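The values are calculated or read from the model by the stated rules, or taken from the named source; none is laboratory data. Because the structure is a prediction, the values reported are computed rather than measured. Glycine also receives a Cβ, built like all others from the backbone with ideal geometry; neighbour counts cover every protein chain displayed. Ligands, DNA and RNA are excluded from the accessible area calculation, which covers all protein heavy atoms including side chains. Shrake-Rupley method; radii C 1.70, N 1.55, O 1.52, S 1.80 Å.
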Amino acid sequence: MGCSPSYAEMAGMTRESAAVEAKKNMEIQKSLRLDHRATKHVNRILLLGASECGKSTILKQMKIMHLDGFTAKERKYQRRIIRVNAVEGLQQIIHACFDLELKKDKAFQTYSYKALKLTPASANGISSEHLKAIVTLWEESSTIAEAVASRHKFYVLDSAPYFLRKLDEIFEEKYIPSDKDILHARLSTVGISETVFEVEGSQFRMYDVGGQRGERKKWISHFDDVRAIIFVVSLIEYDQVLREDLRRNRMAESVALFGGITSLPWFRSTAVILFMNKSDLFEEKIKKSDPGKYFSEYKGGCNEDEAYKFFTKMYIDAAGNRQIYIHRTTATDTSHMTVVWTACKSIILRNSLIETGFLVADSAQVEED
């Protein structure tokens, strides 16, 4: 019986490179089991959150800020992912046009089926004929434009409009992704990913783990001595359901996960930092999608401030009596995240001093930027 290729393989990873990634993941897990005592002086940070909340983007920001950014090889790999994201995003919009029963204009009728024939693998060897199809659909089809204006009604990659606005550029043969392009690229995290860096003489190890339900069992057994948990929330997921369970609201799932994590005895003395992420997309979505349709307790309508306060309180309540440091974030904005990370670094180093007895903890429950 044959095996279907994984998404990673379709995005450009060969079976050999996929095996290398799997081996690397196993080595990280082994290191985590063995080096607890040897890394007492290291600031270990665990990135948690539901799928597609922006954890991997935060890791990329650390690489930009502290590890001289991306190599030529990494940019070439990200180019493949970006092209797949663009094609996948347009195909999701096309399917939505049918699902929403929108009136189909001439451009849509002419080119939509041709665009749907593209596969993730062919996105990185696209023909001029197929490129014309997807560019024409994006630039000329009023049907596609109408669907994009209603994208709060269906699932589409967050980065789809960003990449679709620059189709000609990203499909150029010599295209090299910018840092901003790479920050918008999306590939599901499987297993555990580690980023190690130093800041002013202090070493940090940041771990990103898969956000899907099936990945979460790998979290707890390896991370009983982390200095901080950064829990990432996607503010735009309040009207979305899980891919794994279409009956379950994504934000409700995230709140439950946060409450479960903060109640675990292993993390009793761990600093808890909450990133209310995708603020830029939230500002746009809240104008059209009332949270009250999905959370009966909410009565604030399409008011951005009221909705943000409501969602933040959900997480505060879920954490019980835990102290939480809250930041409203846009993870794709490097200048913004530099400021946020500076504040987080201070929290983490302060918590390290508390653990070693050099500082007395205060009793404040919530601190918000």
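How big is the charge dipole of the stretch 126-285 about its Cα centre, in debye rounded to the nearest 20, if each Lys and Arg gets +1 on its Cβ and each Asp and Glu gets -1 on its Cβ?
760
May I ask you to rank F310, F267 by accessible area, largest first, using a 1.4 Å probe over the protein chains only?
In descending accessible area the options line up as F310, F267.
Length gain on complete extension for the stretch E283 to A149, per 0.36 nm per residue less the alpha carbon to alpha carbon distance? Provide the component values of the computation, followed by the final result.
Working: separation 134, 0.36 × 134 = 48.24 nm, distance 1.44 nm.
Full-extension gain reported as 46.8 nm.
Quick check on the stretch 51-146: take the gyration tensor over C-alpha atoms, sort the square-rooted eigenvalues as a ≥ b ≥ c, and tell me if it's rounded (a/c under 1.5), prolate or oblate.
prolate
Report the calculated FRET efficiency for L67 and L246 (r = Cβ-Cβ distance, R0 = 30 Å), to the nearest 0.05.
The calculated FRET efficiency here is 0.20.
Once the cut-off is 22 Å, how many percent of the Cα-Cα pairs in the stretch 89-201 end up in the long-distance tail?
Pairs farther apart than 22 Å: 40 percent.
Taking 0.36 nm per residue of sequence separation and subtracting the Cα-Cα distance, how much length would be gained by fully extending the chain between E139 and D105, in nm to one decimal?
11.0 nm
If I ignore ligands, DNA and RNA and count only protein heavy atoms, how much of E304 is accessible to a 1.4 Å probe, in Å² to the nearest 10?
Number for this one is 60 Å².
Order the following by accessible area, largest value first: D158, D68. Probe radius 1.4 Å; ligands, DNA and RNA are ignored.
D68, D158
So how much accessible area does S269 have, in Å² to the nearest 10, using a 1.4 Å probe?
My reading of the accessible area for S269 is about 80 Å².
Which residues among the stretch 178-192 fall inside the zone where the amide N is under 16 Å from a point 7 Å beyond the Cα of R165, along Cα→Cβ?
Under cut-off, by backbone N: 178-185.
Which distance in Å, rounded to a whole number, links the C-alpha centroids of the stretch 302-333 and the stretch 226-275?
About 11 Å separates the Cα centre of the stretch 302-333 from the one of the stretch 226-275.
Determine one quarter of the surface area of the Cα convex hull of the stretch 273-313, which equals its mean projected area, and express it in nm² to one decimal.
Projected over every direction and averaged, the Cα hull of the stretch 273-313 covers 2.9 nm².
Assuming R0 = 35 Å, can you tell me the calculated FRET efficiency for the pair A121 and W266, based on Cβ-Cβ distance, to the nearest 0.05?
0.25
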